[in-house]
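Just so it is clear, none of the values below were taken in a lab; they were calculated from the coordinates. Please read these numbers as outputs of a predicted model, since none were measured by experiment. Counting neighbours? That spans all protein chains shown, and the Cβs are built from the backbone with ideal geometry, glycine included.
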Amino acid sequence: MRVATALDDLPRPPCAELLGWEMIHARPADGWVRVRFQGKPQFRNPAGCIQGGFLAAMLDDTMGPAVFAMTEGALYTVTTDMNVSYRAPAKVGPIWGEGRVVHLGKSTAFLEAELRDETGLLIARATSTARLVPAEKALG
C-alpha cells in the first residue's frame, strides 16, 4: 500500500509528465521517496541509451519531492548545485529513483538520489544543495 503524501494533491507538472514520473512509495518522516520514470525511446542519444540530461532531470525530480513530502507540502526546493555521477548506460524502459533528504536546514537542504534499472543496476547518482522556499510562494 502506497503512503499518501502532500504530492498527491498537486497536478503533475509538464516536466514530470514528460519523464513519466510516478510516486511509488514514500516515508515522509524520513525524507525518503521512491519514484518511477519511463525512459522513452525519444530520450535516446546516438548510441541508443538515455541521454544524460534526461537522467539528471530524473535525479532532480527525485530529490525535490523528498523535501516536499517530508515537510508535508510546506517547502519547495530550488536546486542551487547538483553533482551527477553516471555509472552505467540507461536503456529504454522503467527507471527507478530513490531520493532522500540528508539534512534539512532553515533555508537550505542537502539531498541525494540514485537511479536504477529494472535489474537493480545503478545507473546514476546525484547529490544536491537546494534553497528552501515556502511552497505558497513557489507554487502560488
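Things worth noting here:
- Relative to the Cα centre, the charge distribution of segment 56-120, modelled as +1 at Lys and Arg Cβ and -1 at Asp and Glu Cβ, gives a dipole magnitude of about 80 debye.
- Computed lengthening from Arg27 to Thr80, 0.36 nm per intervening residue step minus Cα-Cα distance: 16.6 nm
- Each Lys and Arg Cβ is given +1 and each Asp and Glu Cβ -1; about its Cα centre, the chain then shows a dipole of about 260 debye.
- According to the Cα-based calculation, Rg over Rh for segment 6-139 is 0.96, with Rh computed by the Kirkwood formula.
- Top positive-direction residue, dipole computed over the chain with Cβ charges, set Cys49, Trp96, His25: Cys49
- Relative contact order, percent, the chain [alpha-carbon distance under 8 Å, six or more residues apart]: 24 percent
- Estimated FRET transfer efficiency (Cys15, Leu121; beta-carbon r; R0 30 Å; 0.05): 0.75
- Nearest-0.05 FRET efficiency for Glu136 and Ala4, computed from C-beta distance (R0 25 Å): 0.80
- Each residue of segment 94-109 is assigned a 3J(HN,Hα), and the resulting list reads x, 10, 9, x, 10, x, 8, 7, 7, 8, 10, x, 6, 10, 9, 10 Hz, derived from the Karplus form 6.51 cos²θ - 1.76 cosθ + 1.60 (θ = phi - 60°), x at Gly and Pro.
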